[in-house]
Every structure is written in structure tokens, then in C-alpha cells.
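Accompanying notes for the structure given below.
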Amino acid sequence: MKVRVLFSPNNHEELYFTGKTSVVIDVLRATTTIVTALKNGAREVIPVATVDFAMKVSGNIFSGMTLLGGERNTKMIEGFNLGNSPLEYKEEVVAGKSVILYTTNGTRAIVKAKFSENLFICSFNNLASIAGHLVKLNKDVEIICSGTNGFFSLEDVVCAGRLIAEMQGLDERIELLDSARASLTLSKSFGKSIVKMLKETEHGKLLQENGFTEDLNYCAKISNIDLVPYFTSGTIKKLDLTDSDNAN
Ligand code: MLT
């Protein structure tokens with residue numbers, strides 16, 4: 001089982017992901033928000049790559065059952081129900097709902113990898129569940145760091161490295177490609193305090209300037225949510241961990 005880390009989704013075409021087992025990470029904040037929404041009972045999260053498409057999809061679905069969420073420049077988009085703070089995706093808000101989510105980098109990375117055979121969503125919050133599931137699948141893995149506008153984001157790579165460490169703890173035979181070895185080293189040097197690391201990243205600083213400091217504390221929690229979100233037929237759902245045969 002080989003593991004590779006892509007430091008940006010932008011260096012590859014959609015077809016690169018065909019048939020692969022992929023994991024998308026956008027710690028701040030798209031994948032943390034998706035994990036939270038599903039944990040709090042959202043029926044599904046529909047990731048979209050443009051605001052126009054988000055509007056179109058929401059218009060087509062029975063009103064009252066859908067919520068439109070996401071951000072532009074970290075803030076809620078006009079006409080949307082929710083922004084991209086995971087703290088907004090509370091049970092009383094999302095339970096039973098389909099959430100259509102547009103974010104600048106995270107949901108676009110997911111849409112880019114849509115041809116993957118298996119496509120999972122990872123944050124620090126559900127890291128152990130994803131590691132366990134990947135080891136069980138025993139297939140080569142592409143870990144996609146969403147980054148920021150095509151640039152490297154330290155928080156995503158540190159999360160990738162931590163995911164790899166967790167996988168190695170479960171199966172020491174895992175083969176790390178160069179990008180995976182580099183991510184592991186970065187996660188060891190920058191990951192001693194996740195919350196400190198997040199607060200010092202470029203995007204972490206922007207979120208603090210915009211009043212989202214609490215989000216950083218939330219996004220820094222490690223493996224507090226036991227959940228494997230997987231992408232299938234255009235939507236992200238929660239994998240039933242008692243019957244994981246439906247996502248391999
Ligand atoms: C993104 O997808 O670019 C992020 O999730 C932005 C954010 O912090 O809301």
C-alpha cells in the first residue's frame with residue numbers, strides 16, 4: 001500500500017483521480033465543517049465548485065430540506081443560509097437536511113477528485129477513523145491537500161502527516177512516497193501543538209482577523225469524531241462503520 005500526498009489539487013487534471021482511493025483535507029475549514037455537519041445529523045453534504053451551481057442545485061431541491069452553506073473570503077455569501085464555520089452546523093440546524101456547500105478551496109478539491117473509486121473526507125477531528133478505514137481497504141492512497149488558491153497550506157500537510165503516522169501505527173508495512181515522508185516530518189516538527197500551529201498559519205491568521213478564533217480551537221481537536229464521510233454520486237454521506245462494504 002503506497003501513500004502519496006498532493007500539496008495542491010491544482011497540479012492534476014480530474015482524470016488523474018480515476019479509479020484511485022483519495023482523501024481530501026481542508027482543515028481550515030471545509031472538511032472540518034463537512035465532518036461536523038454529518039456528525040450532527042445532516043442527511044448529506046453536496047459539495048459544489050461554483051456559487052452559481054450551488055444556487056442552481058438548491059433551486060432544484062424541495063425547499064425546507066436544504067441549506068446553502070459556504071464562504072467567499074471566509075465570510076458567508078449573500079443569499080446563503082450558513083457560512084463555513086463548523087460551529088454553525090449544529091444539530092438543531094442541520095439534522096435531516098441536505099447541505100449544499102461551496103467553499104473557495106475545499107469543495108473544489110472534492111469535486112476535482114470526483115472520479116476516484118473511493119473518495120473520503122478528512123480533518124483532524126476524524127483522523128483516526130479515516131486512518132483505520134484506509135488501512136482496512138489496503139489500497140494505494142492519494143491524500144489531497146486543498147491548499148489555498150493553488151498554494152501550499154501548512155495545516156493541511158500537517159494533518160496529512162498525522163494521518164500517515166496514524167496509519168503506520170496500524171500497519172508498519174505502508175510504503176511512503178517522497179511527498180508522504182516530507183508530510184510526516186512536517187507534522188512531527190509543526191504538530192506538537194495543533195492549535196498553535198493553526199493560529200500561526202496564513203489562513204489561520206486571516207480567520208482570526210475575521211473573528212473566527214473559536215473555529216481554530218475546534219478545528220484543532222484530534223480524533224474526537226468517529227466518522228468516515230465518503231463521496232458517492234455527487235454527495236458526501238456518512239459511512240456506516242458497522243457495514244463498511246458499501247465504500248470499497
Ligand atoms: C476553503 O475551502 O477555502 C476554506 O474552507 C475557507 C474557509 O476558511 O472558510
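The values are calculated or read from the model by the stated rules, or taken from the named source; none is laboratory data. As the structure is a prediction and not an experimental result, all values here were calculated from the model. Here the Cβ positions follow ideal geometry from the backbone for every residue, glycine too, while neighbour counts run over all protein chains shown. Just so you know, the surface numbers come from the protein's heavy atoms only, side chains and all, with ligands and any DNA or RNA stripped out. Shrake-Rupley method; radii C 1.70, N 1.55, O 1.52, S 1.80 Å.
Angle of helix 154-170 to the longest C-alpha principal axis of the chain, folded into 0 to 90 degrees and rounded to 10: 50°.
Spherically averaged projected area of the convex hull of Cα atoms, the chain: 12.1 nm². Rounded to whole numbers, the Karplus 3J(HN,Hα) couplings from phi for segment 108-124 are 5, 5, 5, 4, 4, 8, 4, 7, 4, 5, 10, 9, 10, 10, 10, 9, 4 Hz, using 6.51 cos²θ - 1.76 cosθ + 1.60 with θ = phi - 60°, and x at Gly and Pro. As I understand it, the value is the acute angle between the Cα axis of helix 51-60 and the longest principal axis of the Cα atoms of the chain; what does it come to in degrees, rounded to 10? Long axis of 51-60 versus the principal axis of the chain: about 60 degrees. Translational diffusion of segment 1-75 was estimated from the Stokes-Einstein equation, with Rh taken as the Kirkwood radius over Cα pairs; at 20 °C and 1.002 mPa s the coefficient is 144 µm²/s. Seen against the Cα atoms of the chain and their longest principal axis, helix 178-190 is set at about 80 degrees.
Taking amide H as placed 1.01 Å from N in the peptide plane, Ser8 has its amide H under 5 Å from the amide H of Cys145, each at least 5 places away in sequence or on another chain.
Ranked by the mean number of other Cβ atoms within 10 Å per residue, highest first, peptides 200-206, 117-123 order as 117-123, 200-206. Amide H contacts for Ile236 (H built 1.01 Å from N in the peptide plane; partners 5 or more residues away or on another chain; cut-off under 5 Å): Val45, Ile46.
Once you've got the Cα coordinates, tell me which of Lys2/Lys90; Lys56/Lys237; Lys139/Lys188; Lys75/Lys136; Lys75/Lys188 are over 30 Å apart. Numbers along the way, then the final one.
Numbers: Lys2/Lys90 37 Å; Lys56/Lys237 21 Å; Lys139/Lys188 25 Å; Lys75/Lys136 38 Å; Lys75/Lys188 32 Å.
From Lys2/Lys90; Lys56/Lys237; Lys139/Lys188; Lys75/Lys136; Lys75/Lys188, over 30 Å: Lys2/Lys90; Lys75/Lys136; Lys75/Lys188.
Computed extension gain for Ser189 through Glu117, at 0.36 nm per residue and net of the alpha carbon distance, reaches 22.6 nm. Backbone geometry of segment 78-95 corresponds, through the Karplus equation with coefficients 6.51, -1.76 and 1.60 at θ = phi - 60°, to 3J(HN,Hα) couplings of 4, x, 8, 8, 9, x, 10, 7, x, 5, 7, 8, 6, 3, 5, 8, 9, 4 Hz, x marking Gly and Pro.
Which of rounded, prolate or oblate describes segment 37-163 when judged by the alpha-carbon gyration tensor and an a/c cut-off of 1.5? It is prolate, given that a/c is not under 1.5 and a/b is the larger ratio.
With the helix formula -39500 (n - 2.57) applied to DSSP H stretches of n ≥ 4, the chain reaches a computed 222 nm mean residue ellipticity of -11000 deg cm²/dmol. For Leu67, the amide hydrogen comes within under 5 Å of the amide hydrogens of Ser98, Val99, Ile100, counting only partners 5 or more places away or on other chains and with H modelled in the peptide plane.
Going by average Cβ density within 10 Å per residue, which order do the peptides 227-238, 6-17 take, highest to lowest?
Values: 227-238: 18.6, 6-17: 16.1.
Averaged packing, sorted descending, gives the order 227-238, 6-17.
Within the chain, what whole-number % of the accessible surface is contributed by carbon and sulfur, with the 1.4 Å probe and all protein chains included in the calculation?
Values: 5390 of 10920 Å².
After summing per-atom areas, the C and S share lands at 49 percent.
Taking 16 Å as the straight-line reach from the Cα of Lys97, the aspartates and glutamates in range (excluding those fewer than 8 positions away in the same chain) are Glu44, Glu88.
In summary, the lysines within cross-link reach of Lys192, defined as a Cα separation below 22 angstrom excluding same-chain residues under 8 places away, comprise Lys205, Lys221. Largest GNM mean-square fluctuation across Ser187, Ser223, Ser22, computed for the chain with C-alpha springs under 10 Å, falls on Ser223.
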